[in-house]
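Down below is the structure, laid out as structure tokens.
The values are calculated or read from the model by the stated rules, or taken from the named source; none is laboratory data. Nothing here was measured: the structure is a model prediction, and the numbers come from that model. Positions of Cβ are backbone-derived with ideal geometry, glycine not excepted, and every protein chain shown enters the neighbour counts. To get the accessible areas, we keep the full protein, side chains included, count just its heavy atoms, and leave off ligands, DNA and RNA. Shrake-Rupley method; radii C 1.70, N 1.55, O 1.52, S 1.80 Å.
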Amino acid sequence: MFEKIVLATDLSPAWNEIVACAGELKALGCKQVILTHVISVKFMAGMEGILQSTARPKLEAQQQELEAQGLHVTVEIPMGLPADSLNDIACRYGADLIVVGSHGQSLWREGVLGCFTCAVLHNARYPVLLIKVKLQKPGLPGSCQISSARLLGHVLLPTDFSAISRRALEYVERLGAKGLSQVTVLNTLDVPGGEDVYPPGYQEIAEGAARDLLAQWKQRLLEAGVPSVNDRFDPGHPLTAILRVLESQDISLIVMGTQGKGFIKEIFLGSVAHNVSRLATCPVLLIPPVSR
């Protein structure tokens, strides 16, 4: 499924944690890793050689760690903008997935995505797996969230039934063959302006149509080999509904498209996908449009 994976390391202690358990990605089909450290030289012209030579020993250590876990590893140190560089590397190798990480401190404690992660998520032309690592103290071991058993425990699939949501569904169906245990399919009906803006009975008709589609998606996932599938309809705002599920269920992975067909044209990444990436404590697999 994900045979070739780009690991976008920033060489931090958090990424050492991700590398240490990256062998778990073999359960998703991973055979080759392109270990990539992007050097952005926008404000450091003339320092390219120094930055590369500083990064190389750390990359070699991470490469050895990955190879010890049975993965074929290629190292890349591109220079340029992070998102463009990672897209170029993924394209050149025919990669199936880009993995980016985050680690507490200002990146998540203050409730915002780091510039690097935001840029990658906003511009990625390939599926992106966002992994969060908790470090107890700087430099001390933390915890990684890419245990295959953990990732494939309980997937949340938010959907608005758009084309990009259907593409996310296809990825979850493929996870069914990898041992996925449970899926919750979530749809919301957010009606801006209130019911008075629409004809009488609109909300009931829309809810009925949504429940019918939820039942169809549930059947598809059961046929794909997922043993337990829950369909859930929530009349509220998508982000609020997703957070409610995260609070009440033990969700191990969120799979969703980066853009939807919502009433308000999404400006940045897709407002819902961006905020889920920012607020969720579990890994998030974001599926971009085919046309991106």
- Item | Odd one out for Ile287 among (1) closer than 18 Å to His122 by Cβ; (2) at pLDDT below 90 | (2)
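I'm trying to understand the selection: among the residues of region 244-267, which are hydroxyl-bearing (Ser, Thr, Tyr) and at pLDDT 90 or above?
So in region 244-267, the residues hydroxyl-bearing (Ser, Thr, Tyr) come out as 248, 252, 258.
Within region 244-267, Ser248, Ser252 qualify.
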- Task: Given the conditions (1) modelled with pLDDT of 90 or more; (2) of a type outside the set (Val, Ile, Thr); (3) under 19 Å from His274 (Cα atoms), report the number of the one that Cys91 does not fulfil.
- Result: (3)
- Message: Of everything in region 57-107, what is within 17 Å of the chain's Cα centre (by Cα) and under 23 Å from Val290 (Cβ atoms)? Give them in sequence order.
- Response: Pro82, Ala83, Leu86, Asn87, Ala90, Ala95, Asp96, Leu97, Ile98, Val99, Val100
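Sort out which residues of region 57-76 are open to solvent by 20 Å² or more (accessible area, probe 1.4 Å) and touching a residue at least 24 places away in the same chain (Cβ under 8 Å), and write them in order of number.
Of region 57-76, the ones open to solvent by 20 Å² or more (accessible area, probe 1.4 Å) are 57-58, 60-61, 63-65, 67-70, 72, 74-76.
The answer is Lys58, Gln63, Glu65, Gln69, Gly70, His72, Thr74, Val75, Glu76.
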- Result of the Cβ filter at 8 Å on region 165-190, keeping first residues that are more than 21 Å from Leu246 (Cα to Cα) and partners that are in a strand (DSSP E or B) and of a type in the set (Gly, Ala, Ser), at least 6 apart or interchain, is Arg167/Gly257
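Does Gly29 count as free of Cβ contacts under 8 Å to residues at least 60 places away in the same chain and within 25 Å of Arg150 (Cα to Cα)? Show your work before the answer.
Working: free of Cβ contacts under 8 Å to residues at least 60 places away in the same chain: no; within 25 Å of Arg150 (Cα to Cα): yes.
Against the criterion (free of Cβ contacts under 8 Å to residues at least 60 places away in the same chain and within 25 Å of Arg150 (Cα to Cα)), Gly29 does not qualify.
For every residue, the table says whether it meets (1) part of a helix (DSSP H, G or I); (2) modelled with pLDDT under 90.
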| residue | (1), (2) |
| --- | --- |
| Gly179 | no, no |
| Glu204 | yes, yes |
| Ala209 | yes, no |
| Ile242 | yes, no |
- Of everything in region 211-238 that's part of a strand (DSSP E or B) and charged (D, E, K, R), which residue is least open to solvent (accessible area, probe 1.4 Å)? Asp234
